[in-house]
Amino acid sequence: MIKNLVFDFGGVLTTIDTAQAISRFKQLGLQEPEQYLNAYKQTGIFFQLENGDIDAATFTAELGKLCGREIGYEEALDAWMGFIVSVETELMEYLQTLRGTYRLCVLSNTNPFLQGWARSSAFTDCGKSLDDYFDELYLSYLMGCSKPTEEIYRKMLADGNMKPEETLFVDDGVRNIEAAEAVGIKTLKAVNGQDWRPELKRILKISE
């Protein structure tokens with residue numbers, strides 16, 4: 001029996017565009033940003049930021065070195081926001097009808113730039129933050145590990161006192177899905193920009 005519903009952030013709760021983010025970092029002066037940026041896992045200082053190895057200030061300073069000029073926080077934030085096409089508020093509002101029956105959580109590879117925005121009233125047009133929709137947020141940069149390592153799933157399960165067989169994880173990344181399944185978590189493979197509610201209802205046996 002499913003008791004815990006866990007959702008990825010980018011590509012599930014928000015529609016993302018990696019090409020747009022790459023373009024914005026290139027505009028900052030970063031050479032070949034595609035070598036650092038990926039829809040699912042970053043490399044270099046981008047990975048270090050998401051993995052919690054460096055903070056936002058260090059990232060901004062190091063980004064400035066790569067760009068050959070000083071970069072401000074707002075410039076870096078604007079570039080990171082290039083990932084976000086839209087916030088799927090309708091999907092999150094639907095989840096609120098399930099809250100109470102299920103525990104709702106987020107598990108995401110993310111960073112303090114994007115989450116500073118997501119965890120503020122600027123996140124949705126109605127002034128709600130990401131925290132308003134979920135019981136727990138499990139964010140890679142705060143946990144000190146990232147998907148698709150099994151460590152992040154085990155940490156989440158332990159912290160939330162969740163049983164893997166009672167947990168359903170929704171993600172748009174194949175490797176992330178496989179890693180969750182490896183620790184016994186049930187999964188739903190989402191597609192960036194597509195409505196995953198019909199499949200979720202099927203799994204949970206929810207009638208219209």
_Under 9 Å between Cβ atoms, which residue pairs at least 6 apart in sequence (or on different chains) link something in segment 137-160 that is of a type in the set (A, V, I, L, M, F, W, C) with a partner that is open to solvent by 40 Å² or more (accessible area, probe 1.4 Å) and in a helix (DSSP H, G or I)?_
L137/D131; M143/E151; M143/K155; M143/D159; C145/E151; C145/K155
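Tell me, which helices (runs of 4 or more DSSP H) wholly within segment 30-112 include 3 or more residues that are closer than 20 Å to Y138 by Cα? It would help to see each step written out before you state the result.
Working: elements: 44-50, 56-67, 73-80, 89-96.
Fully inside segment 30-112 and qualifying: 44-50, 89-96.
Give the residue that is farthest from M81 (Cα to Cα), with candidates limited to residues of segment 126-139 that are part of a loop (DSSP other than H, G, I, E, B) and either touching a helix residue (DSSP H, G or I) at 6+ places or on another chain (Cβ under 7 Å) or among the polar types (S, T, N, Q) (or both). Please lay out each step first, then the result.
Within segment 126-139, the subset part of a loop (DSSP other than H, G, I, E, B) is 126-129, 133-135.
Okay, now just the ones that are also either touching a helix residue (DSSP H, G or I) at 6+ places or on another chain (Cβ under 7 Å) or among the polar types (S, T, N, Q) (or both), so 129, 133.
Working: S129: 16, Y133: 20 Å.
So, considering only residues that are part of a loop (DSSP other than H, G, I, E, B) and either touching a helix residue (DSSP H, G or I) at 6+ places or on another chain (Cβ under 7 Å) or among the polar types (S, T, N, Q) (or both), the one farthest from M81 (Cα to Cα) is Y133.
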_I'm trying to understand the selection: among the residues of segment 167-185, which are crowded, with 16+ Cβ neighbours inside 10 Å and over 20 Å from M92 (Cα atoms)?_
N176, I177, A179, A180, V183, I185
*Of the conditions (1) under 26 Å from I152 (Cβ atoms); (2) at pLDDT 95 or above; (3) open to solvent by 30 Å² or more (accessible area, probe 1.4 Å), Q35 fails just one. Which one is it?*
(2)
_Unmet requirement for I22, which otherwise passes all of (1) more than 28 Å from P164 (Cβ to Cβ); (2) open to solvent by 10 Å² or more (accessible area, probe 1.4 Å); (3) under 17 Å from the mean Cα position of the chain (by Cα)_ = (3)
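Rundown of residues vs (1) of a type in the set (D, E, K, R); (2) over 14 Å from the mean Cα position of the chain (by Cα); (3) open to solvent by less than 10 Å² (accessible area, probe 1.4 Å); (4) on the phi > 0 side of the Ramachandran plot, yes/no style:
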site	(1), (2), (3), (4)
V106	no, no, yes, no
N109	no, no, no, no
K128	yes, yes, no, no
D131	yes, no, no, no
E136	yes, no, no, no
L142	no, no, no, no
C145	no, no, yes, no
*Residue under evaluation A61, criteria (1) over 24 Å from E150 (Cα atoms); (2) open to solvent by less than 40 Å² (accessible area, probe 1.4 Å), criterion not met*: (2)
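The values are calculated or read from the model by the stated rules, or taken from the named source; none is laboratory data. Quantities reported herein were computed from a predicted structural model and do not represent experimental measurements. Cβ atoms come from the backbone with ideal geometry, glycine included; neighbour counts cover every protein chain shown. Side chains are part of the model used for accessible areas, which takes the heavy atoms of the whole protein and leaves out ligands, DNA and RNA. Shrake-Rupley method; radii C 1.70, N 1.55, O 1.52, S 1.80 Å.
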